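Just so it is clear, none of the values below were taken in a lab; they were calculated from the coordinates. In this text, all values refer to a predicted model and were calculated from it rather than measured experimentally. Heads up, the Cβs are rebuilt from the backbone with ideal geometry, glycines too, and the neighbour counts pull from every protein chain shown.
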Amino acid sequence: MESQNIEQVASNLLKAQSHVWNHMFNFINSMSLKCVVDLGIPDIIHNYGKPIPLSKLISSLSIHPSKNHGIHRLMRIMTHSGFFSQKNVIGNELEIEYMLTDASKLLLKDNPMSVAPYVHAMVNPVMMNPWYQFSTWLKNDDTNTFETTHGMSTWEYAARDSEINNLFNESMANDTRLVSDLLVEKCKGVFNEVESLVDVGGGTGTMAKTLVKSFPQMECIVFDLPHVVDGLQGSEKLRYVGGDMFKEIPPADAILLKWILHDWNDEQCLKILKNCKDAISKKGKEGKVVIIDMVLDCEKGDNNESVETQLFFDMLMMALLTGKERNEKEWMKLISLAGFNDYKITPILGLRSMIEIYP
């Protein structure tokens, strides 16, 4: 009996050690993913048009011959992580063929919904270095670890660094293409009667362009910081307006906030939501604010991977910005304090939900 207990304790310790190792080395997945994107491997496989043999993949890469052995090992961990699938070639035990998965299709450069720019942005040293200051930040009164590291906010840095700014804008535009298609397809009733809409923080106008195309009665304003909309050309039904959402938002029948409020703390969100309420005041009870954001649901734990992703984003908001991901109770409190009387949550966008709020 005592021997069994010792074996059980040893087994538990070894599992715990493996658990610690896996988390300690999680960065290897991120850096391997960056390498795959940098080398253009998803595009090489896609352009080949069929499962690509390892030897052909290697010969298609601009790498030093002495590093050829590394590609098999890189592809092995990326296959294990679900970015590629593989099969052995019949009659050649040493040859392996690789295929794209849904995940690696999202890394293709020409995919209008590509997350490759987001990969480049998030593993950029500018965004990675603040994580080294996390414990330091917890001991000081800086706004976030980005400020501790760079001496300015993320938004100020982006305004000065065109590379980071362009990566961020491209990331949001590509994400919006995915969300907008789903939004138009599944939520037509939300926008059918809306004649005017302001897309707050709408970037380069990807969402607004989809909305005015899908709803002929609608006119849209893309409202963002002056440096974001500077030089962008509108159309008869779409205008770009630079400004500050903390001061005033242009009036309209409806306001759209896609992935905006999670960037900000509760006090800042209240200012934004109150300005939204003022902006739709002329529409009376028929006005509304449409929020696209996450609604945390850690308690259910139906999908551990999805919950983990939401928690990653919550930590990201804390480290780089001032915001957080919120559960339904936190959303309800925020909506009520801003002076709205009703809301409706529709979980239709994967990790994110559509939250309609009414005056």
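Amide H of residue 326 versus every other amide H placed in the peptide plane: which residues, excluding those fewer than 5 positions away on the same chain, fall under 5 Å?
Those qualifying (amide H under 5 Å, at least 5 residues apart or on another chain) are 296.
If you take every DSSP beta bridge whose two residues both sit in the chain, what share of them, in percent to the nearest 5, is antiparallel?
Antiparallel: roughly 50 percent of the beta bridges in the chain.
With the radius of gyration and the Kirkwood radius both derived from the Cα set of the chain, what is their ratio Rg to Rh?
On the Cα set of the chain, Rg over Rh gives 1.02.
When a footprinting reagent is the concern and you count Cβ atoms within 10 Å, what order do 308, 328 take, fewest first?
308, 328
Which residues' amide hydrogens lie under 5 Å from the amide hydrogen of residue 113, considering only partners 5 or more residues apart or on another chain, with H built in the peptide plane?
Distant-sequence amide H within range of residue 113: zero hits.
Working out 0.36 nm times the residue gap between residue 308 and residue 31, then minus their Cα-Cα distance, what length gain in nm do you get to one decimal?
Extra length from residue 308 to residue 31 when fully extended: 97.8 nm.
Using the Karplus curve 6.51 cos²θ - 1.76 cosθ + 1.60 with θ = phi - 60°, what ³J(HN,Hα) values do you get for each residue of the stretch 124-133, in whole Hz, with x for Gly and Pro?
Each residue's phi maps through the Karplus curve to give 5, x, 4, 8, 7, 4, x, 5, 6, 9 Hz.
Using a simple spin-label model with points 7 Å from Cα along the Cα→Cβ vector, what separation in nm is obtained for residue 163 and residue 9?
In this crude spin-label approximation the distance works out to 5.3 nm.
Could you line up 342, 142, 253 from fewest to most neighbouring Cβ atoms inside 10 Å?
342, 142, 253
Report the extension gain between residue 230 and residue 68 in nm, rounded to one decimal, defined as 0.36 nm multiplied by the number of residues separating them, less their alpha carbon distance.
Extra length from residue 230 to residue 68 when fully extended: 53.7 nm.
Is it possible to state the helix-based mean residue ellipticity at 222 nm for the chain, with each DSSP H run of 4+ residues giving -39500 (n - 2.57), the sum divided by total residues, to the nearest 500 deg cm²/dmol? What is it?
Calculated from helices alone, the mean residue ellipticity at 222 nm is -14500 deg cm²/dmol.
Using a Gaussian network model of the chain whose springs link C-alpha atoms within less than 10 Å, name the residue from 165, 88, 174 with the highest mean-square fluctuation.
88
Per-residue HN-Hα couplings for the stretch 285-298, Karplus 6.51 cos²θ - 1.76 cosθ + 1.60 at θ = phi - 60°, whole Hz, x for Gly and Pro?
5, 7, x, 7, 10, 10, 10, 10, 6, 7, 10, 4, 9, 5
Along Cα→Cβ, 7 Å out, is where each label goes; now give me the distance between the ones at residue 329 and residue 21 in nm to one decimal.
3.9
How high is the FRET efficiency from residue 315 to residue 285, r the C-beta distance, R0 30 Å, rounded to 0.05?
Once the sixth-power term is evaluated, E becomes 0.20.
Take the Cα of residue 214, step 7 Å along the line toward its Cβ, and report every residue of the stretch 169-193 whose backbone nitrogen sits under 18 Å from that point.
172-193
What is the order of 45, 164, fewest Cβ neighbours within 10 Å to most?
So the ranking, lowest neighbour count to highest, is 164, 45.
Give me the angle, in degrees from 0 to 90, between the Cα long axis of helix 266-279 and the longest principal axis of the Cα atoms of the chain, rounded to the nearest 10.
Between helix and principal axis, roughly 40 degrees.
Starting at the first residue of the stretch 323-331, write each ³J(HN,Hα) from the Karplus equation 6.51 cos²θ - 1.76 cosθ + 1.60 with θ = phi - 60°, in whole Hz, x for Gly and Pro.
x, 6, 8, 10, 8, 4, 4, 5, 5
Any idea how far apart residue 140 and residue 76 come out in nm if each label point goes 7 Å out from Cα toward Cβ?
If labels sit at residue 140 and residue 76, their model points lie 4.3 nm apart.
If the chain between residue 265 and residue 59 were fully stretched, how many nm would it gain, using 0.36 nm times the residue separation less the Cα-Cα distance?
That works out to 69.1 nm of additional length.
Please work out the C-alpha center-to-center distance from the stretch 1-50 to the stretch 269-333 and express it in whole Å.
Each part's Cα centre sits 32 Å from the other's.
Name the residues whose placed amide hydrogens come within less than 5 Å of the amide hydrogen of residue 354, ignoring near sequence neighbours (fewer than 5 apart) on the same chain.
Hits under the 5 Å cutoff: 346, 348, 349.
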